[in-house]
Structure formats: structure tokens, C-alpha cells
Amino acid sequence: MPSQWVGCATENFRQGRHGHEPKAIVIHIIVGSLEAADLTFKDARSSVSAHYGVGKTGRIHQYVEEVDTAFHAGIVVRPTWKLIDPQVNPNYYTIGIEHEGQPQDLWPDEQYAASAALVKEIAARWKIPLDRDHVIMHREIRASKTCPGAADIDRLLRQAAA
Ligand SMILES: [Zn+2]
């Protein structure tokens, strides 16, 4: 399914990546609908954004270009991600994908399929390995969050690699 460009408030992202390139993909849960994410990212007071959002039916919204910096994983709390660079804001070297739903939701097959296809495309574009060191959960950067909830990252990776 092609992605639909939605965009976000200019206050909620930064042009360019401060000299960095994407080297990992961060998986998030919206805690709400795809439309709720659209509104939050268009709200200049929110100071948050992501590159993409994937709906339960497989719709994909794009908010920020991959060459630009989205504000989705900039707060680091007791990180468990082994490739984290403590000197650099993770937003500069990651691509963020939000997912429609609540943390406890089991994702529908359509959502896994669309997200896996998107992950595969991004990984090919930026030569990002399709493994658990490079496709990570938000809580691996920010342990104070449960994000992305019940998402099965291993399944996502298996489908992206298929
Ligand atoms: Zn998150």
C-alpha cells in the first residue's frame, strides 16, 4: 500500500540530521487512532512527530521525510539498546514508525504486513540490517515507557525479511 503524505508542524521536526544517517528503526504505539497522531503531529505545541504511522487496516501516513529528523525518541532513560550512541540524540540516527492502537492490542495481520513492508523498504534504502539490533522498541531507548506495548518485533522482522 503506498503511503499518504500528511506532514507535520514545522516546529515538530528538524531539517536534515545534523550530519548523521539513519542506522536503526524505532517501533512505537500511538495509544490512539492514526487520526489522533495526525492531529498531534500537526499541533505545533506538541513538539513530537514520527516519520510514519501505520494503521490497523494497513494504511500508512508519512509525516516527516526520512532525510529529516523527527522527534520520536529523543529522551534517553536507562537504555538497553546496545548500539545506542550516548553522545548523540537518537532522533538524528533513527527512523520512527508509529502504530495505531493501544499498548495491549494485538496487531491485526494487515498492520503487521504493512509495517513489515515499510520496514523492509526503509532498511533497503539506508542499508539497515533487518535484525533486533537495528529494529528496536522505543522502550529500549526510554525504559520509563512501555511503548510499543504488545507489538511482536520478532514477527515484524520475520515478515520484513521474507
Ligand atoms: Zn514510542
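General observations
- With contacts taken as Cα pairs under 8 Å and at least 6 residues apart, the stretch 4-161 reaches a relative contact order of 31 percent.
- Given K56/K82; K23/K82; K82/K127, the pairs whose alpha carbons are separated by over 22 Å: K56/K82
- Residue-span extension gain [R78 to A150] - 0.36 nm each, minus C-alpha spacing: 23.9 nm
- For the chain, alpha-carbon Rg relative to the globular expectation (2.2 N^0.38 Å, N residues): 0.93
- Note on K145: aspartates and glutamates with a C-alpha under 20 Å away, same-chain residues under 8 apart excluded, are D85, E98, E100, D105, D133, D154.
Every number here is computed from the coordinates shown, using simple stated rules; none is lab data. Everything numeric here is computed off the predicted structure, so don't read it as measured data.
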